[in-house]
1. Report the charge-dipole magnitude of the chain in Debye, nearest 20, computed about the Cα centre from +1 at each Lys and Arg Cβ and -1 at each Asp and Glu Cβ.
2. I'd like the GluC sites (Glu not before Pro) in segment 217-261 restricted to DSSP loop residues with at most 14 other Cβ atoms within 10 Å, sorted by number.
3. What chymotrypsin sites (Phe, Trp or Tyr not before Pro) in segment 32-134 are in a loop by DSSP, with at most 13 other Cβ atoms within 10 Å of the Cβ?
4. Collect residues whose amide H, placed 1.01 Å from N in the peptide plane, falls under 5 Å from the amide H of Gln48; neighbours closer than 5 in sequence don't count.
5. Share of antiparallel DSSP beta bridges in segment 79-151, in percent to the nearest 5?
6. To the nearest 500 deg cm²/dmol, what mean residue ellipticity at 222 nm is calculated for the chain from DSSP H runs of n ≥ 4 alone, each contributing -39,500 (n - 2.57), summed and divided by the residues?
7. Round to the nearest 10 and give me the degree value, 0 to 90, for the angle of helix 271-284's Cα axis relative to the longest principal axis of the chain.
8. Tell me which trypsin sites (Lys or Arg not before Pro) from segment 1-45 have a DSSP coil assignment and no more than 15 other beta carbons within 10 Å of their own.
Amino acid sequence: MQPIIVGVRFQEIGKVYHFDATSIEDIQVGDRVIVDTTRGHQLGEVTQLVTNPEHPNDGKWKQVERRATARDLVLRKSWQNKEIEALINCRERATQLRLHGVKIVVAEFNFDGSRLTFMYNCEAEEKVELKSLRQDMGKRYQGSQVEMRQIGPRDVAKVLGGMGACGLEKRCCSKFLTEFSPISIKMAKEQGISLTPAEITGMCGRLRCCLYYEYENYLAARKELPKRGKRVKTPKGEGKVSYINLITMVVVVDLPEIGKVEFMRDELEPWDELEALRRKSQESCQNEDGECNCGKNNPNKK
């Protein structure tokens, strides 16, 4: 029997995790469910029914335990209302312990309050010992298992939200990006973007996420356009490519005695290929003595 695998999301803009929902009758997208995760029992929303799931590395999927009840939803809301207070208390205690360079970003209860997770970011590269802080928070919230979880600068920006470096009212990571991908300087170079930090760095201090998800589109467009410095044939004569706009697919060609003129991709022909075909045609119609065999230059040839 083929198992019924569903994608469950625990945050509004968060990663989707796969669970086995075979034991749940008539499960649908939008259903709220209770699942057992490595961070305890969590309440999430079914966002997709997976048709061809990849088999998990550990051998099996975790089970969807049950549908969430109205009581579960109310319970989750009540614990969410206590998260700001927990965050303030943790930050206050971190200051008292003189944990310099440690920023407590968010406090998060699971749906029934049995687990409390403090997410923090650390400026120092070496690992910071937070055992005392965790123990103190455990004493204060004795009914919850307290966990300290370190997150990176990108996750901090995602949690805090706010305006993006490009001027968008909401950052991409907080708006639609569900997970982060590796980004390199090469991606900025391929897109012709200035490598100054202000142009390629996001509010998190890392390379902007848009460099990744726009990268493949730029690569596809670049394959269809001639490179800078290449000679091309245009409706107004032959010239050299001086600039290409990968978004509009416009090519600027420097023409002798005319100057720089914009052309669409369909208006251009590669000069080097045309020249190679012309030479090949000339060579094929000449005999060993260099005379033309095609009859164009030999009136006696029929």
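1. Details: 49 positive and 44 negative charges, 140 e Å.
Using only the charged Cβ atoms, the result is roughly 680 debye.
2. Values: sites: Glu224, Glu238, Glu257; in loops: Glu257.
Filter output for segment 217-261: Glu257.
3. Values: sites: Trp61, Trp79, Phe109, Phe111, Phe118, Tyr120; in loops: Trp61, Phe111.
Qualifying residues, ordered by number: none.
4. Excluding prolines and chain starts, which carry no amide H, the hits are Gly7.
5. On the way: 7 of 13 bridges.
Taking every DSSP beta bridge within segment 79-151, about 55 percent pair in antiparallel fashion.
6. On the way: 10 runs with 85 residues, N = 302.
Using -39500 (n - 2.57) per qualifying helix, the result is -8000 deg cm²/dmol.
7. Rounded to the nearest ten degrees, it is 40.
8. Values: sites: Arg9, Lys15, Arg32, Arg39; in loops: Lys15, Arg39.
Those that pass, being in a loop and sparsely packed, are Lys15, Arg39.
None of the figures in this text is laboratory data; all of them are computed from the coordinates on show. Keep in mind that this is a model prediction, so the values were computed, not measured. Neighbour counts run over all protein chains shown; Cβ positions are idealised from the backbone, glycine included.
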